[in-house]
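Accompanying notes for the structure given below.
The values are calculated or read from the model by the stated rules, or taken from the named source; none is laboratory data. Please read all numbers here as calculations on a predicted model, not as lab measurements. Neighbour counts are summed over all protein chains in view; Cβ atoms, including those assigned to glycine, are modelled from backbone coordinates with ideal geometry. Heads up: the accessible areas ignore ligands, DNA and RNA and are worked out on the full protein's heavy atoms, side chains in. Shrake-Rupley method; radii C 1.70, N 1.55, O 1.52, S 1.80 Å.
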Amino acid sequence: PLLAHLRSLARNEKHKSLTILQMNAENMVFADCQADIIMGAHVLHHLLSPVNALREIRRVIRPGGTAVFWEGFEDGAQILASLFDLWMEMDRSQATHLSPGVIEALRGFAADLDRRKGRAKPPEMLAVLDDKWYFTRHAIEDLAAEAGCLRCELHNVDGPQNVVRMMADHELRRWGFGLQELPEWARDKLLSVQARMSDDYLDGHPFSAAIVMRAPTR
């Protein structure tokens, strides 16, 4: 259905040279060294074996070509998880409490992080997870090296300004809530946690990042 929708958009915008194909990322129909650029937005974390897809991308991309992916990172998720744990701990001693729905959302985030963090996962867990991975810089660099990419760069997507507040609000909205619904003490603690971290620190611990991989020139 999504491909049909994309074809309809392409026709409406008169992109006559656009070809839309569906295929296995680990076994593409393209010839060796055929692509100049390969891009994917929030794709790698769905794959059973990201390294197999990156090897196939390495085969398909020309020497000196570039692959770019946008992915979520464990760094930022752990910052949020620590904040959420602090909220739930503080809630016990407050006159105004977090709502049961917000508590469920915070616990749900922590449970999702526990399932997705790290590199080692049993096959039966991967089989039932849709979002399978939270990446780290080291994990991405190792995947790129194993796939035969010459260089791998990470570029923080969000930037450090107000990012903890923005991402906390984003995660709450996934559960149907927002920061404005939290008690004042919770919002104050968020701001104090964010202020504790330097821009340099936050820039080095992305919530999401663009991963740029460059194939060797020969």
### Query
Under Stokes-Einstein, with the Kirkwood radius over Cα pairs standing in for Rh, what whole-number D in µm²/s applies to the chain at 25 °C and 0.890 mPa s?
125
### Query
Over the heavy atoms of Ser82, what accessible area does a 1.4 Å probe trace out, to the nearest 10 Å²?
80
#### Entry: Trp175, Trp133, ranked by accessible area, largest first (probe 1.4 Å)
Trp175, Trp133
### Task
Report in % the part of the accessible area of the chain that belongs to carbon and sulfur, leaving out ligands and nucleic acids; probe 1.4 Å.
53
#### Entry: Geometric extent, Cα atoms of the range 82-207 - Rg, Dmax (angstrom)
17.2, 57
### Summary
Answer in debye to the nearest 20: the dipole magnitude of the chain about its Cα centre, from +1 Lys/Arg and -1 Asp/Glu charges placed on Cβ, is 860
### Query
Which of the GluC sites (Glu not before Pro) found in the range 1-97 are in a DSSP loop and have at most 16 neighbouring Cβ atoms, other than their own, within 10 Å?
Glu13, Glu26
### Message
With angles folded into 0 to 90 degrees, how steeply does helix 184-196 sit against the dominant principal axis of the chain? Use alpha carbons for both and round to 10.
### Response
50
## Note on the structure
Yeah, the range 148-202 with a ≥ b ≥ c from its alpha-carbon gyration tensor (a/c under 1.5 is rounded, else prolate when a/b outruns b/c, oblate otherwise) is oblate
### Query
Going toward the positive end of the dipole of the range 50-167, with +1 on Lys and Arg Cβ and -1 on Asp and Glu Cβ, which of Ile103, Met166, Gly118 do you reach last?
Gly118
### Query
Helix 100-116 sits at what angle to the longest principal axis of the chain, using alpha carbons and giving 0 to 90 degrees rounded to 10?
40
### Task
Determine the shape class of the range 1-95: with a ≥ b ≥ c the square roots of the Cα gyration tensor eigenvalues, call it rounded for a/c under 1.5, and otherwise prolate if a/b is greater than b/c, oblate otherwise.
prolate
### Task
Output the relative contact order of the range 24-75, whole-number percent, from Cα pairs under 8 angstrom with separation of 6+ residues.
52
